[in-house]
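Asker: Please find one structure pasted underneath; my questions will follow.
The values are calculated or read from the model by the stated rules, or taken from the named source; none is laboratory data. Keep in mind the model is a prediction, meaning the values are calculated, not measured. Please note: Cβ atoms are built from the backbone with ideal geometry, for glycine as well, and neighbour counts cover all protein chains shown.
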Amino acid sequence: MNENEEKIYDLIGSKSFAELTEDEKTLVLESLGSEELYEKMREANLAAEEVLSENAPPPPEMKDAVMTAFDEKDEKRGIVWWKVAAAIAVLVVGAFVFWPSGNLDREPIAENVERKDSTNNKEQSPEEKQETQEPEGEAVVEAFKGENEVLGEEAGNAIKASDEVVRNTDNMLIAENKSAPIDEEIMEEDHTFADEAPESDNPTAPEMEIEIAEDFEGTAEAKKDVQTKPARAQDLSADDADSQTINEFSMSNMKVESARSTTRMQSDFNSEGALYEGISLKDIGGYKSKAYVAY
Amino acid sequence: MDKGDLTDEALMIRAAKGDRRAFEGIYDRYAGRLYNYFLKMLYQDEELAKDQTQELFMKLVEKGHQYDGTRAFKTYVFSIANNMCKNIYRSEEVKKRANTELKIESELAEPEKVESIDRKAFKTALSEELEKFDSDRRSIFILRFKHQLSIKEISETTGVAEGTVKSKLFYTLKKLSTQLVSFNPK
């Protein structure tokens with residue numbers, strides 16, 4: 001870029017040739033060659049400004065279109081802010097609602113105990129409720145453990161038991177045919193024992209048998225009941241009859257217990273469909289129908 | 001404070017935040033100038049000038065938040081317009097149409113040019129000469145003589161150095177003076 005041309009351009013916009021200094025005149029004449037061209041350039045400069053300064057008015061409909069676009073954009077902007085505000089509000093409410101449920105400092109077990117206790121013992125104070133509930137909870141846990149042990153033993157002996165079950169069930173059917181009244185009575189007594197079981201130390205079947213036998217032995221009424229049993233017992237002497245009846249009672253009780261255990265296991269197998277303590281129905285020969293057992 | 005007292009920059013910042021009156025103020029100040037700029041730059045095509053002006057304001061609506069106020073709004077908005085014109089020049093179809101219109105306009109202007117040396121003839125002759133310039137020279141000339149932007153503002157708008165802007169203006173005036181020497185615009 002020629003610095004002279006820049007200077008001349010600045011002079012064209014500000015001074016006529018007559019107003020130029022000697023140095024400026026010399027510069028203009030060296031660059032343009034004549035005073036006339038300088039003046040024509042000044043005229044063109046002024047004319048260009050004047051001619052180009054004329055402005056055509058913009059189309060009036062253009063403003064409506066532009067302002068409509070602005071309003072739509074503003075509306076969208078408002079909607080976006082509204083959505084953001086709503087989302088924040090939902091998050092805040094959600095945090096207040098769900099935060100306490102995730103708080104590990106709470107002790108829901110104690111609350112549950114109190115609530116449960118309040119339904120049973122309304123007159124007790126909260127401290128008493130907690131004290132009384134805790135042993136019950138331990139007893140329930142112990143009972144559950146005992147039941148699991150029994151079930152584990154049963155499951156562990158499942159294969160052996162399957163044969164015994166068939167045999168016991170067979171015997172039970174025979175016993176039903178032979179001495180139905182005794183079995184019914186035993187069933188009733190057994191039912192009574194079963195109802196009392198949760199309060200005891202959850203005795204296993206052999207222990208129950210011993211207890212039942214002792215109770216039976218020590219109770220005169222029971223002896224009377226036994227003496228009124230079918231004719232088979234009347235042929236024996238009194239002592240023999242007692243011992244025989246006790247033995248029969250023990251055997252029958254064991255059969256009934258085995259039958260109950262079988263029924264319970266079968267129902268568990270059927271309900272759960274597959275494994276019971278790792279042993280399936282298939283492992284013990286599958287479900288045996290009554291007809292098969294009778295055969 | 002009245003909207004008329006606010007600078008262009010303050011109005012644009014308010015408009016970007018959703019101030020309808022501020023945006024309306026910007027439109028009122030610049031719609032005519034931008035429309036005429038496009039008109040001169042785009043071969044006096046009124047429809048094209050209208051479309052481009054409207055598109056530029058749509059850009060201000062959509063991207064107005066990108067304007068931070070550190071740059072003069074006048075140079076900001078004219079630089080957008082200048083870039084839009086450059087994009088249009090790249091279109092062969094527009095060039096072809098422009099050549100056709102220029103030919104028609106020259107044929108129509110020829111009798112007047114011969115018959116009288118007056119202001120109108122000078123204007124027509126000047127328009128013809130402007131059409132022959134390349135986009136940079138034309139843009140510089142229009143910004144300087146139509147919108148009275150300073151050399152510095154033209155430099156910022158077009159991205160051309162200030163010295164180059166002056167040089168281009170000098171040669172443009174010289175060429176016009178040589179070719180329009182027979183005209184007396186006064």
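Yes/no per residue for (1) under 25 Å from B:Gly18 (Cβ atoms); (2) in contact with a strand residue (DSSP E or B) (Cβ under 7 Å, 6 or more places away or on another chain); (3) among the aromatic types (Phe, Trp, Tyr):
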site: B:Glu47; (1), (2), (3): no, no, no
site: B:Thr53; (1), (2), (3): yes, no, no
site: B:Lys59; (1), (2), (3): yes, no, no
site: B:Gly69; (1), (2), (3): yes, no, no
site: B:Phe73; (1), (2), (3): yes, no, yes
site: B:Val77; (1), (2), (3): yes, no, no
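Asker: Among the residues of region B:64-76, are any crowded, with 16+ Cβ neighbours inside 10 Å, facing chain A (nearest Cβ under 10 Å) and among the small types (Gly, Ala, Ser)? Spell out the reasoning first.
Answerer: Pass one, region B:64-76, residues crowded, with 16+ Cβ neighbours inside 10 Å: B:64, B:67, B:72-76.
Pick out the ones that are also facing chain A (nearest Cβ under 10 Å) and you get B:64.
Applying the additional criterion that residues be among the small types (Gly, Ala, Ser) yields B:64.
The answer is yes, given that some residue of region B:64-76 is crowded, with 16+ Cβ neighbours inside 10 Å, facing chain A (nearest Cβ under 10 Å) and among the small types (Gly, Ala, Ser).
Asker: Could you tell me which of the residues B:Ser135, B:Ser139 is at pLDDT 75 or above, more than 13 Å from chain A (Cβ to nearest Cβ) and surrounded by 15 or more Cβ atoms within 10 Å (Cβ to Cβ)? Spell out the reasoning first.
Answerer: Details: B:Ser139 fails: more than 13 Å from chain A (Cβ to nearest Cβ).
Being at pLDDT 75 or above, more than 13 Å from chain A (Cβ to nearest Cβ) and surrounded by 15 or more Cβ atoms within 10 Å (Cβ to Cβ) holds for just one of B:Ser135, B:Ser139, which is B:Ser135.
Asker: OK, next. Do we have B:Asp8 as touching a residue at least 60 places away in the same chain (Cβ under 8 Å) and away from chain A (no Cβ under 14 Å) here? Step through it out loud before you land on a result.
Answerer: Details: touching a residue at least 60 places away in the same chain (Cβ under 8 Å): yes; away from chain A (no Cβ under 14 Å): yes.
For B:Asp8, the condition - touching a residue at least 60 places away in the same chain (Cβ under 8 Å) and away from chain A (no Cβ under 14 Å) - is met.
Asker: Are any residues in region A:39-78 part of a loop (DSSP other than H, G, I, E, B) and at the interface with chain B (Cβ under 7 Å from one of its Cβ atoms), and if so, which ones?
Answerer: Residues of region A:39-78 that are part of a loop (DSSP other than H, G, I, E, B), as a first pass: A:53-59.
Those that are part of a loop (DSSP other than H, G, I, E, B) and at the interface with chain B (Cβ under 7 Å from one of its Cβ atoms): A:Ser53, A:Asn55, A:Ala56, A:Pro57, A:Pro58, A:Pro59.
Asker: Among the residues of region B:66-85, is there at least one that is part of a helix (DSSP H, G or I), in contact with a helix residue (DSSP H, G or I) (Cβ under 8 Å, 6 or more places away or on another chain) and modelled with pLDDT under 85?
Answerer: Taking every residue of region B:66-85 in turn, none turns out to be part of a helix (DSSP H, G or I), in contact with a helix residue (DSSP H, G or I) (Cβ under 8 Å, 6 or more places away or on another chain) and modelled with pLDDT under 85.
Asker: If a residue has to be basic (Lys, Arg), surrounded by fewer than 21 Cβ atoms within 10 Å (Cβ to Cβ) and closer than 19 Å to B:Ser127 by Cα to count, how many in region B:5-49 make the cut? Explain how you work it out, then say what you get.
Answerer: If we filter region B:5-49 for residues that are basic (Lys, Arg), which is where we start, we get B:14, B:17, B:20-21, B:29, B:33, B:40.
Of the ones still in play, those that are also surrounded by fewer than 21 Cβ atoms within 10 Å (Cβ to Cβ) are B:14, B:17, B:20-21, B:29, B:33.
If we keep only those that are closer than 19 Å to B:Ser127 by Cα as well, we get B:33.
Of the residues in region B:5-49, 1 are basic (Lys, Arg), surrounded by fewer than 21 Cβ atoms within 10 Å (Cβ to Cβ) and closer than 19 Å to B:Ser127 by Cα.
Asker: Next question. Take the residues of region B:16-33 that are facing chain A (nearest Cβ under 8 Å) and part of a helix (DSSP H, G or I): which is farthest from B:Ser91 (Cα to Cα)? Give the derivation first.
Answerer: Kept after step one, since they are facing chain A (nearest Cβ under 8 Å), are these residues of region B:16-33: B:18, B:20, B:23-24, B:27, B:31-33.
So of that shortlist, the ones also part of a helix (DSSP H, G or I) come out as B:20, B:23-24, B:27, B:31-33.
Values: B:Arg20: 35, B:Phe23: 31, B:Glu24: 32, B:Tyr27: 28, B:Ala31: 25, B:Gly32: 25, B:Arg33: 24 Å.
Residue satisfying both the conditions and the ranking: B:Arg20.
Asker: Go through region B:11-47 and count every residue that is in contact with a Lys or Arg (Cβ under 9 Å, 6 or more places away or on another chain), touching a residue at least 24 places away in the same chain (Cβ under 8 Å) and closer than 20 Å to A:Glu54 by Cβ.
Answerer: 10
Asker: For the subset of region B:142-177 comprising residues that are buried (at least 23 other Cβ atoms within 10 Å of the Cβ) and aromatic (Phe, Trp, Tyr), which member is farthest from A:Glu5 (Cα to Cα)?
Answerer: That would be B:Phe145.
Asker: Would you point out the residue of region A:1-38, among those that are under 15 Å from B:Phe170 (Cβ atoms), free of Cβ contacts under 8 Å to residues at least 24 places away in the same chain and exposed (fewer than 12 other Cβ atoms within 10 Å of the Cβ), that is farthest from the other protein chains (Cβ to nearest Cβ)?
Answerer: So the residue we want is A:Ser14.
Asker: Just give me the residues in region B:39-63 being of a type in the set (Phe, Trp, Tyr) and more than 10 Å from chain A (Cβ to nearest Cβ), in sequence order.
Answerer: Taking region B:39-63 as the starting set, the residues that turn out to be of a type in the set (Phe, Trp, Tyr) are B:43, B:57.
The one that is of a type in the set (Phe, Trp, Tyr) and more than 10 Å from chain A (Cβ to nearest Cβ): B:Tyr43.
Asker: Follow-up question, since we're still on this one. Within region B:53-75, does at least one residue satisfy the condition of being under 13 Å from the mean Cα position of the chain (by Cα) and in contact (Cβ under 8 Å) with a residue 40 or more places away in the chain?
Answerer: The answer is yes; a qualifying residue exists.
Asker: Residue check: is A:Lys7 of a type outside the set (S, T, N, Q) and within 30 Å of B:Glu162 (Cα to Cα)? Quick ask: steps written out before the conclusion?
Answerer: Numbers: of a type outside the set (S, T, N, Q): yes; within 30 Å of B:Glu162 (Cα to Cα): yes.
The answer is yes for A:Lys7.
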